[in-house]
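Working notes for the structure below.
Each reported figure results from applying straightforward, stated rules to the coordinates on display, with no laboratory input. A quick note: this is a predicted structure, and the numbers were derived from the prediction, not measured. Note that each Cβ is placed from the backbone with ideal geometry, even for glycine, and that neighbours are counted across all protein chains shown.
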Amino acid sequence: MLMYKSLVRPLFFNLSPETIHHLVVSGLQALYKIPGLSSLSKNYTSVNSKSLERELLGLKFPNPVGIAAGFDKQAIMYDQLANLGFGFVEIGTITPRSQPGNPKPRLFRLPKDKALINRMGFNNIGADAAVKNLRKRKSDIIVGGNIGKNTATPNEKAIDDYVECFEKLFHVVDYFVVNVSCPNITDLRELQDQDKLMKILNRLQQINHDKPLQKPVLLKVSPDLNEKQLDEVIDIVSLTKIDGVVAANTTVARSGLVTPAAEVSQIGNGGLSGSPIRERATEVIRYLAEKSGKAFPIIGVGGIFTPEDALAKLMAGADLVQVYTGFVYEGPFIARNINRAIAKM
């Protein structure tokens, strides 16, 4: 951990965030081809304890710490991430057709705030290619499929994109997350409107119930929703009978940052993640859990860097947690450190 923060991270932070991401992906893929390295890594980063196992969504999670959507956009890293001690990986966001995403640069660090701003724009290889990659799964890691619409698809036809992704990924993922809350796709968050969202979720549930075996469906919610909108989320979960929520996505808010306002303004639009959204994400989790009477499972994400951050999410009502920005800043032992703390608790 100390070596990562004092030596590796400074070297990484000298290059652009997206460049480093691709180098890390390529490096891990190359390293894990070395015989014995995968098992050595897993032994060093995994915490084997029955107390960490979670029965949730009809699935058995070996531990409650996962990787949030956005890291493995192309569905190529889930096996390698399994060897870093994570209990599950959420791939995507996947859209029906491949798309390049927004113009670069589109990923920015705010080191003083331990944060990232991204406006990636659902860059991904498309559903067919993702399915092909997922069929190569070697580990038993639980994989969630985060699905969205193509940028070029108008909102009135968005339901078709969600249905196409759902159908294509159905046999290669363990659960689904419907993403209508990302701030980086034009007008996407209009789909958070109760009527529009109900149509999408009801259609997916209709398809789901026609299958011999159903897959859990969750909704990813924005930290920018007010209490009335969060009440609507609770109603939507109840009415559509989806299985739970992921709270929360990135935020468009910029309040309370240490980074100079001029620097933040120069970066421009995008979703903010990391330490600045820690408290708000926890508030959303607590509100949904308490107001609903813990009526559904919650996967907590947003600003988790330390074991204490993860425990706060769990105490607020989350059943599982996910990391992404914390993984970037804290390094490859973040899952181990969090799982050790949870096991002791």
**Request:** Report, in debye and to the nearest 20, how large the dipole of the chain comes out about its Cα centre when Lys and Arg carry +1 and Asp and Glu carry -1 on their Cβ.
**Result:** 1020
**Asked** Counting pairs of alpha carbon atoms under 8 Å apart in space and at least six apart in sequence, what relative contact order in percent does the chain give?
**Response** 18
**Asked** Quick one: in the stretch 84-161, what % of C-alpha pairs are over 21 Å apart?
**Response** 44
**Asked** Once the piece of chain linking ASN155 and VAL24 is laid out straight, how much longer is it, given 0.36 nm per residue of separation minus the C-alpha distance between them?
**Response** 43.7 nm
**Prompt:** Please state the Cα pair-distance histogram of the chain with 10 angstrom bins from zero: what percent is in each bin?
**Reply:** 5, 27, 38, 24, 5, 0
**Prompt:** Put +1 on the Cβ of each Lys and Arg and -1 on the Cβ of each Asp and Glu in the chain; which of VAL25, LEU218, GLY293 then has its Cα farthest toward the positive end of the dipole?
**Reply:** VAL25
**Asked** With respect to the cross-link table entries LYS114/LYS149; LYS199/LYS220; LYS241/LYS294; LYS196/LYS220, which display a Cα-Cα separation exceeding 18 Å?
**Response** LYS114/LYS149
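What FRET efficiency comes out for the pair SER98/ASP140, r = Cβ-Cβ distance, R0 = 35 Å, nearest 0.05?
Numbers: r = 28 Å, r/R0 = 0.80.
It comes to 0.80.
How long is the gain from ASP231 to ILE34 if the chain were fully straight, where each residue apart is worth 0.36 nm and the alpha carbon distance is subtracted? Before the final figure, lay out each step's value.
Working: separation 197, 0.36 × 197 = 70.92 nm, distance 5.05 nm.
Length gained, ASP231 through ILE34: 65.9 nm.
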**Prompt:** For the stretch 223-302 and the stretch 93-138, what is the separation of their Cα centres, given in Å?
**Reply:** 20
**Complete:** Karplus-derived 3J(HN,Hα) from phi for the stretch 64-79 (6.51 cos²θ - 1.76 cosθ + 1.60, θ = phi - 60°), whole Hz, x at Gly and Pro, runs x, 10, x, 9, 6, 4, x, 7, 9, 5, 9, 6, 10, 10, 4, 5
**Asked** Local charge sum around ASN269 (other residues, Cβ-Cβ under 15 Å, Lys/Arg +1, Asp/Glu -1)?
**Response** +2
**Request:** Kindly provide the helix-only [θ] at 222 nm of the chain, computed as the sum of -39,500 (n - 2.57) over DSSP H runs of four or more divided by all residues, to the nearest 500 deg cm²/dmol?
**Result:** -11500 deg cm²/dmol
**Message:** Is there a quick way to get the dipole size of the stretch 38-118? I mean about its Cα centre, with the Cβ of Lys and Arg at +1 and of Asp and Glu at -1; what is the value in debye to the nearest 20?
**Reply:** 320
**Asked** Put +1 on the Cβ of each Lys and Arg and -1 on the Cβ of each Asp and Glu in the stretch 1-87; which of GLY70, PHE13, LEU59 then has its Cα farthest toward the positive end of the dipole?
**Response** PHE13
**Request:** At a Cα cut-off below 14 Å, give the aspartates and glutamates reachable from LYS5, other chains included and same-chain residues fewer than 8 away excluded.
**Result:** GLU330
**Message:** Give the lysines whose C-alpha is closer than 27 Å to that of LYS138, dropping any in the same chain fewer than 8 places away, or say none.
**Reply:** LYS33, LYS42, LYS50, LYS60, LYS73, LYS168, LYS211, LYS215
